[in-house]
Structure formats: structure tokens, C-alpha cells
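Asker: Attaching a single structure in C-alpha cells format; questions to follow.
The values are calculated or read from the model by the stated rules, or taken from the named source; none is laboratory data. In this text, all values refer to a predicted model and were calculated from it rather than measured experimentally. Cβ atoms come from the backbone with ideal geometry, glycine included; neighbour counts cover every protein chain shown. In case anyone asks, the SASA skips ligands and DNA or RNA and just uses the protein heavy atoms, side chains included. Shrake-Rupley method; radii C 1.70, N 1.55, O 1.52, S 1.80 Å.
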Amino acid sequence: MAKDSGLLSIYDIIFFGNQDPDHHAIESPGLLPLTYRELREQVLSVVKTLNTNGLHRNDRIGVLAPAGPETAVLIVSVMAGFTCIPLNPQNNIGEFETIFSQLQIQAIVVPHDCETAARVVAGVRNIPVIEWVPFNIKAGKFGLKPAASQEAEEAEFATESDISHILLTSGTTSRQKIVPISQRQSCLLRQRRTKPLKITKNDRCLHIVPFYHGMGIGLPLLDILFAGGTIICTKNFISSDFFPLLETERPTLYIAGPAHHQGILRELKKVPPGALKNNSLRLILSSSALLPDTVYHGLETLLGVPVVEQYASSETGIISLNFPPRRGSVGIPVIEHLQILNDNGTCAGPYEPGEIVVRGETVFSGYENAPDENKAAFIDGWFRTGDMGYLDDKGYLFITGRRKELINKGGQKISTEEIDNILKSHPLVRDAMTFGIAEAVLGEDIAAMVVPVNMQITETDLRMFLLDRLIPSKVPRRIYFVDEIPRNPAGKPLRYKGTERYS
């Protein structure tokens, strides 16, 4: 059965797509696979059960989102009938208090044996708590408590104008903003990425990124379901799991941020020579930030497949895709409209830098309850991404830094990403983050946090390394050695934390 209006809701994708009912939709190591026919049955059961618990279209349901096949199916099910808010299970009471207050959550769904701060906050606020109980036989098969009554009426599904899910932009600032995504927007995004990447029912995507972030909901979940492929859901993934999963689960693609890729590369270098030949991958995707050259070339060399970088945001979905790849670029725009605005507010020409602004059907309509932020976020109907960059003469987009992350050192605008990439190219540097610190005369100066491979490297060594590759004014005033770079769930460095810690 097909719909004349096209696939414009999550319900449409699951129930009216071209998926083979007997094809595997969800797999997970140690469990039997879930077919598309069984996925539809599970989605229908979840929506009916939540309906009988008094929940209906556009009601906001928080889903505690640990890694695993049940979470994948639960998120899709809630999106099909309601507004889904994926929640980080590691949040504390204060963070859940803020989220529940801001988003007006009307119910939460949590694992039955999970002692989480979300339960505590829900109890205080008299918010219903619904538990999911895994059957531990088939991937993504579970029951809900309280269960549906026998008198359950036909399920009520969301329509294309309803909100499918809400994302909280953790971004690179300390203040989170609320981004509502409509059912229609969510479905249009699926078509925009699956076609150029030629994702089909034969693809098997290894899901290793958090479900409570836009990256985890997008390509490795909804895009694969849209194409009728198979999602391989992992639990408690760590980088050393990658090679065993590659051998046993035979994925054809995966997506991750730079930090994940770097960890995977580090583990793959330990694999015996030749063991990676003839692997099952056809594509690796990277998002959130530009992948360092050493990681990019390392993955391509060891795995023998292209690494494709994408440029996307919570507010816009995918903006550009670097396929066919041009190194250093985030690719050719796939969004309907993109411009580079120079300092005068006019459209820049090829190679002329400026701020990246976009417009199109997949761009959100504005942050919720934030009139001042919306006023600053849009200019003449164009969304201001906050990223600086340029287009070359072939239409490829290059990003040079964040508008708000440029360090203004006595009037000189310095890109933090440029310094990051050079620091991370040092063989004894595992990770790095550049940030601004207050300076009495210049206003701002440069500092950096570095995760060393070992402590044989010194601050002086790194200064000399940078001086060979940068003008002296771009070399950080201070370099701090740390165990870990603070990052958001998508892997973006939280530069404000460096500024707070060391200013």
C-alpha cells in the first residue's frame, strides 16, 4: 500500500515505505533480528499502549536513551505518534529539573531496572513514569508497564505538521536552546541524504553514537529505516569493540564524530596487517567537526573505503555532503539555498570568506520561547549558522571557524580550529582544544588544552612545533596538559569550559 501524498511523517516511513517486511530492520549482538513486519507490530503496540495511558499527538514524551536496540525502536515508536524528547541517561537531578521545566514533558519512558535521576524529578513533578521491559530474545522487542487495556482503540498517529522530536542544542555554549523538528522536516531530511549516498536496503549501519543527540537519530536510525536497510545496535560501545563488530556483524557503513573516529583508528592500528583487507565497509561518515588529516587518511588507508564528511546542525539538518570528496571541504551544499555573507551583509563571491547562512524546507522555524535569540538567529529569512567559511569556484564549501569562537586578539581574528588541527597533527598529541582567555591589554589571548600520548612531550616542544607552522601571534600563550577534552555528545569541543577553567 502506498500513500499519494508521499512519506511525510514517521508513521508514513514505517508503515507505507517500500521496506521488505521480512528484511532485518534491527539487529544486536546476541539477539535474534527484528524484521520490518515485527517492527511495525512493535510500533503499533507502543503507540496504542501510550494512547491508553492518556497520551496523544504532540504530547511530549521523554525517552531515557541508553544505547541498545530497545531505545532505537522506542524512539521511532514515540516519534510516530507523539513528540519524542530523547534524554541523556547520565544527566543529574538539576539537569533533568531544567529540561522538564523548559520542555513541559508530560510523561517519561525509562528502562524498568534503571535507577535514574529522571525518575526522581518525574516523581516530584507528578509526571507519569512508564517502564519498558526487554524480552531479551529479539532485538528491539519489549513490553511497556502499565500495559495497554484490552479495550484499546485504534492507534492515533502523528501527522506531517506535528512535531516529531525536540533537540536541545548543547553546541559549544553553556546555554541550551530548544529546537522543535516537524514530522515533515524529519522526513525530507531522510531523502536529502540517502539519495546522494546511495543508501539502500542492502546497507547495514553500525550504530555507535548517542541516541539523545541529533546525529544518533538521523543517518544511523531514520535514514536506514527510510531506505529499508538494517541497523546494528550496540550496547556500551567502546573503540576496542569496533574490529570484532566489523568481523562479526559485517556493517557497510557507520557515522561518528572526530573523537570516535580517532579512538577507532587507534584500535585498528593494533590489528594484525592484512586482517582489515576485504572488510564489509563501503563508506565511513564523519560529522560535528572537521576530521584531522591524520585520522582521515589513517581510516581510508587501513579500511580502504572513502571517508565522507557532512556539515549539519540541529536547526537545519544536513547542509552539505563532501561526496565526491574534496579534502578540507565539507562538500557541495544539498540544502536548497546557501549563501556566504561578507562583512557588508552582501553575498560573497568564490573564495571570499563570510558567514554561512541557509534557507529551505528543512530549516526549523525558530527556537522555542526565545524571541531574542530568534531575532539574532535569522536575517531576512535566512538562518545564520554562526559558522564562517567560503565557497570555491566548483561550489564546494569550506569552513574556517565559528563566528563566536574566533579569538579577537587585539583586533586580529584567529580561528581556534586552525590551531586545533595543527596541534592534533603532532604524533604525541591525542587530542587538543584551543580557546580564548581574558587578557588585560589585548582583550583576548590564546590558550590550549592538550591530551598527550605520553608525558615525553613538553609545552616548549609544542610551541616550537607550532612556530614552524603558524605566525607567532597565533601560538597559544599557555598550553595545559589534561586527561580529556570537554566535549558535547556529538564530540564538539566545549571551548567555553576551557575559558572558564583557565581565565
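Asker: If a residue must be touching a Leu at 6+ places or on another chain (Cβ under 9 Å) and either among the aliphatic types (A, V, I, L, M) or under 25 Å from Lys497 (Cβ atoms) (or both), how many such residues does segment 369-384 contain?
Answerer: Restricting attention to segment 369-384, the residues satisfying the condition of being touching a Leu at 6+ places or on another chain (Cβ under 9 Å) are 379, 382, 384.
Remaining after also requiring either among the aliphatic types (A, V, I, L, M) or under 25 Å from Lys497 (Cβ atoms) (or both): 379, 384.
So the answer is 2.
Asker: Can Gly171 be described as of a type in the set (Gly, Ala, Ser) and modelled with pLDDT under 95?
Answerer: Answer is yes for this residue.
Asker: Provide a single number: the residues in segment 431-456 that are within 22 Å of the chain's Cα centre (by Cα) and more than 27 Å from Val357 (Cβ to Cβ).
Answerer: Matching residues across segment 431-456 total 2.
Asker: So how many residues does segment 189-234 have that are open to solvent by 20 Å² or more (accessible area, probe 1.4 Å), modelled with pLDDT of 95 or more and out of contact with any strand residue (DSSP E or B) (no Cβ under 7 Å at 6 or more places or on another chain)?
Answerer: Residues flagged as open to solvent by 20 Å² or more (accessible area, probe 1.4 Å), modelled with pLDDT of 95 or more and out of contact with any strand residue (DSSP E or B) (no Cβ under 7 Å at 6 or more places or on another chain) within segment 189-234 amount to 6.
Asker: Tell me which residues, restricted to segment 188-205, are more than 13 Å from Thr316 (Cα to Cα) and of a type in the set (A, V, I, L, M, F, W, C).
Answerer: Hits for segment 188-205 are Leu197, Ile199, Cys205.
Asker: Consider Ser425 against the criteria (1) out of contact with any helix residue (DSSP H, G or I) (no Cβ under 7 Å at 6 or more places or on another chain); (2) surrounded by fewer than 18 Cβ atoms within 10 Å (Cβ to Cβ): it satisfies all of them except one. Which criterion is unmet?
Answerer: Result: Ser425 passes all but (1).
Asker: Determine, yes or no, whether Glu315 is in a loop (DSSP other than H, G, I, E, B), in contact (Cβ under 8 Å) with a residue 12 or more places away in the chain and surrounded by 20 or more Cβ atoms within 10 Å (Cβ to Cβ).
Answerer: When the stated conditions are applied, Glu315 passes them.
Asker: While we're here: Can you tell which of Ile105, Ile99, Ile75 is farther than 30 Å from Leu32 by Cα, surrounded by 14 or more Cβ atoms within 10 Å (Cβ to Cβ) and at pLDDT 95 or above?
Answerer: Among Ile105, Ile99, Ile75, only Ile105 is farther than 30 Å from Leu32 by Cα, surrounded by 14 or more Cβ atoms within 10 Å (Cβ to Cβ) and at pLDDT 95 or above.
Asker: Let me ask you something else. Considering only segment 194-212, I want to know if a residue exists there that is in a helix (DSSP H, G or I) and either out of contact with any Phe, Trp or Tyr (no Cβ under 7 Å at 6 or more places or on another chain) or among the aliphatic types (A, V, I, L, M) (or both).
Answerer: yes
Asker: Under 8 Å by Cβ, and 6 or more places apart or on different chains, what pairs join a residue from segment 345-363 that is open to solvent by 50 Å² or more (accessible area, probe 1.4 Å) with one that is polar (S, T, N, Q)?
Answerer: Sorted first by the residue in segment 345-363, then by its partner, the pairs are Cys347/Gln339; Glu352/Asn342; Pro353/Asn342; Pro353/Thr400; Glu361/Gln185.
Asker: Just one of Asp387, Asp431 is in contact (Cβ under 8 Å) with a residue 12 or more places away in the chain and under 30 Å from Glu336 (Cβ atoms); which is it?
Answerer: Going through Asp387, Asp431 in turn, just one is in contact (Cβ under 8 Å) with a residue 12 or more places away in the chain and under 30 Å from Glu336 (Cβ atoms): Asp387.
Asker: Further question: Kindly list, by first and then second residue, each pair from a residue in segment 465-489 that is within 30 Å of Thr169 (Cα to Cα) and free of Cβ contacts under 8 Å to residues at least 60 places away in the same chain to a residue that is surrounded by 12 or more Cβ atoms within 10 Å (Cβ to Cβ) and basic (Lys, Arg), limited to pairs with Cβ atoms under 7 Å and residues at least 6 apart or on different chains.
Answerer: Pro486/Lys497
Asker: Please tell me if Glu405 is surrounded by fewer than 13 Cβ atoms within 10 Å (Cβ to Cβ) and assigned to a loop (DSSP other than H, G, I, E, B).
Answerer: When the stated conditions are applied, Glu405 does not pass them.
Asker: Mind checking whether some residue in segment 257-279 is in contact (Cβ under 8 Å) with a residue 40 or more places away in the chain, out of contact with any Phe, Trp or Tyr (no Cβ under 9 Å at 6 or more places or on another chain), surrounded by fewer than 18 Cβ atoms within 10 Å (Cβ to Cβ) and assigned to a loop (DSSP other than H, G, I, E, B)?
Answerer: So far as segment 257-279 goes, no, none of its residues is in contact (Cβ under 8 Å) with a residue 40 or more places away in the chain, out of contact with any Phe, Trp or Tyr (no Cβ under 9 Å at 6 or more places or on another chain), surrounded by fewer than 18 Cβ atoms within 10 Å (Cβ to Cβ) and assigned to a loop (DSSP other than H, G, I, E, B).
Asker: Mind counting the residues in segment 14-50 that are assigned to a helix (DSSP H, G or I) and closer than 28 Å to Asp241 by Cβ? I'd like the intermediate steps shown before the answer.
Answerer: Let us first name the residues in segment 14-50 that are assigned to a helix (DSSP H, G or I), namely 14-16, 36-50.
Now restrict to residues that are closer than 28 Å to Asp241 by Cβ: 36, 38-39, 42.
Selection size over segment 14-50: 4.
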